[in-house]
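Structure first, commentary second.
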Amino acid sequence: MENGVIEFDIGVGGADDRIEIEACNDHEEEEERDASTSDAYSHGSGSGENNFDMRIYIPEGDIELEPNVGMEFESEEAAKAFYNLYARRVGFSTRVSSSRRSRRDGAIIQRSFVCAKEGFRNLNEKRTKDREIKRPRTVTRVGCKASLSVKIQDSGKWMVSGFVKEHNHELVPPDQVHRLRSHRQISGPAKTLIDTLQAAGMGPRRIMSVLIKEYGGISKVGFTEVDCRNYMRNSKHRSTEGDTQLLLDYLKQKQAQNPSFFYDVQWKEEQCTGNLFWADLKARADYNHFGDTVTFDTTYRSNRYRLPFAPFTGLNHHGQPVLFGCAFLLNESEASFVWLFRTWLAAMSDRAPLSITTEHDDVICSAVTQVFPSTRHRFCKWHVYKQCQEKLSHVLLLNHPHFEAAFHQCVNSSETCEEFESCWDSLVDKYDLRDHGWFRALYDDRRRWVPVYIRATFFAEISVTERSDGMNSYFDGYVNASTGLSQFFKLYEKALESRHEKEVKADLDTMNTPPVLKTPSPMEKQASELYTRKIFTRFQEELVSTLTLTASAVEDDGEITTYRVANFGEDHRAHLVRFNVLEMKALCSCRMFEFSGLLCRHVLAVFRVANVLTLPPRYVSKRWTRNARSCVVLEEEQAAADCSGGRRSYLESRTFRYNSLRHEAFKLADQGSESLETYSVAAAALAEASAKVAEAIRNEGKDRLADEGSFRGSS
């Protein structure tokens, strides 16, 4: 064809005879790039040209418009767009290579566009030679010579000065070319649709499904799910970075109003990274009373929420959520989470919780291990379930609809570690998951999320039906998918006020409306006067359930009696309770008390059999009582109270005295029966003790009569 001007775009440049060469700094890889999109069509590996197949591949077919020397374009951008359009039709990806600049004014006067497989990767470059490469990238450059060079003319137009058509690698077929990087672009209308769907709470995978349906196929969308994910992430960062100063001003104002208000900002090389933490006086006070277990709530990271907001929460004595501080995170590196956890710990007087619950995330897990080495870390079980739905949806949930129910049964119904292990093995074999990498890694982390492994640690679990270990945010009902930072402050304060009002109402209900008792048990009456209303209701459920349980002693070593407790007619699902009557200590195999701070029905059934009519002090957790806020009781102080005052109060109980004497009598009988000599000593001791007890009873009777006579005389 004759040379002519290709009007792809409008642009003007300058020219000068004196030139200098400039190489473009081209970094192809993205943070979350899909390696298969760029590398799937390369052949061979290595860093030298001789390692590759150097056969020539010439584009075939009816090419509508092919570059040739002498073609002119209105601008450099127009030339680039033309070459990329040609590459899409042919089947390869392009990138910008070298350029020449004018020495007079620095303007670009010549530009080269090349096949993405041009050149070879430099494995000795500075950014990699001094550090170990953990995940080597697939080799994508094979020394291809295909290129298009343009230079500016005196007229201001750009003319093709060089064109190499041949490639040394196979070209990509038309049905796969849309995955090449230079042809993956998110158009304006697509961005608008993505923004709308993201605001509605949809994630990248669901958004891509909508786009594929809207455009009539994946090849017509023009980009991949990875591109969509990157755009959504960058869009969220752009929308929040400018608001960091607004939040900082708000925190400064709150501290000016109350010096006890705590906040901190993460700084690095004299620049704010955008990560902030704050906690008001009430949050710090609440932690003193209820900071035994903490949830770090990061549900904001799901696409349902647009705010990079993460609160630390817990449960008060009514089982209601309480706030222990908040974070605003733009940088989610491991170092940032370490900084956040250390800052939060400093705000809480460096008193680490007994347990912490977070989402299933390797970065957060590593940070927790560094900052809370003695704290029991648990993954949110409901977050694990959600991940299963995402990771296994195409493999199992569609083809095996019963898998989810079987998975829940395995996790929640296993009573022992051995039972769980056996059930898991059956599960992976039945659904062919033994080689599934993510599922195998989930099993390796089982001690951080499967209930049977974490029941010995306190997590304030008081409900068997509610999603109590999930990321139930303190701000549910206030922060939603459409909330921006400008509205956040008002909603944040409204949430604080509402939560406080709910606690006040629960306090009033507990104080002014006594619960209805369902049994004549002294223990139930005692619990109704100790616990808050909601906690008593939960305890009452356990107590009433003992009516259907049988408790049989199966072993007695003289100090500890082991009981087998089961529902009537269900001996195969029994629990074992070890009971020390002298110390009034009971341990059930279900570990409910350790996990929740409330006694289980199995221990209560044993108490009924052993005539323990009231709750031992050690089994009344102060954090669940009406007086939870009265003072902070340290664990050592509670233990001392159990061993001194608690023991003295229980000597007033006839049941306790009887069980204690019986225990000592059994020990004496066991030792005294060893030989004739020990038998004689034991028998004499018993006879002497019996005589002294009878005398004490007579004396007690005389004292009582004397007191009654004195009373009649005075009347």
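Summary table below
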item	result
Contour excess over end-to-end distance, with Cα ends at A665 and A107 and 0.36 nm allotted per residue	190.5 nm
Listed residue pairs exceeding 22 Å between alpha carbons, taken from K252/K490; K254/K505; K117/K157	K254/K505; K117/K157
Solvent-accessible area per residue for the range 307-389 (1.4 angstrom probe, square angstrom)	30 Å²
For the range 184-238: accessible area per residue (Å², 1.4 Å)	51 Å²
Protein accessible area in the range 184-238, 1.4 Å probe - carbon and sulfur %	53 percent
Positive dipole terminus of the range 184-238, leading residue within G222, L197, S235 (C-beta point charges)	S235
Using a Förster distance of 56 Å, the FRET efficiency for L547-L248 (Cβ separation, nearest 0.05)	0.40
Gyration tensor (alpha-carbon) shape descriptor, the range 515-622, a/c threshold 1.5	prolate
Global form of the range 184-238, assessed from the alpha-carbon gyration tensor, a/c cut-off 1.5	prolate
Fraction of accessible area attributable to carbon and sulfur, the range 357-438 (%, probe 1.4 Å)	50 percent
Nearby lysines by direct alpha-carbon distance to K391 (threshold 30 angstrom, same-chain neighbours under 8 apart not counted)	K134, K191, K213, K220, K236, K381, K430
Accessible area (Å², 1.4 Å probe, nearest 10) - H408	50 Å²
Protein-only accessible surface order, largest first, of F296, F262 at 1.4 Å	F262, F296
³J(HN,Hα) computed for each position of the range 570-575 - Karplus, 6.51 cos²θ - 1.76 cosθ + 1.60, integer Hz, glycine/proline x	10, 5, 6, 10, 7, 10
Whole-percent carbon and sulfur share, accessible surface of the range 522-624, 1.4 Å	53 percent
Accessible area per residue in Å² at 1.4 Å probe, computed on the range 522-624	44 Å²
Heavy atoms of S349: accessible area, 1.4 Å probe, square angstrom to 10	90 Å²
Estimated FRET transfer efficiency (N399, N512; beta-carbon r; R0 41 Å; 0.05)	0.15
Straight-distance crosslink candidates among lysines, where the alpha carbon sits under 22 Å from K525 and sequence neighbours closer than 8 are dropped	K534, K585, K622
Simple Cβ-charge dipole of the range 184-238, Lys/Arg +1 and Asp/Glu -1, about Cα centre, in debye nearest 20	140 debye
Heavy-atom accessible area order for V504, V620, V516, largest first, 1.4 Å probe	V516, V504, V620
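The values are calculated or read from the model by the stated rules, or taken from the named source; none is laboratory data. This is a predicted model, so every value here is computed, not measured. Heads up, the Cβs are rebuilt from the backbone with ideal geometry, glycines too, and the neighbour counts pull from every protein chain shown. Calculation scope for accessible area: heavy atoms of the full protein, side chains included, ligands and nucleic acids excluded. Shrake-Rupley method; radii C 1.70, N 1.55, O 1.52, S 1.80 Å.
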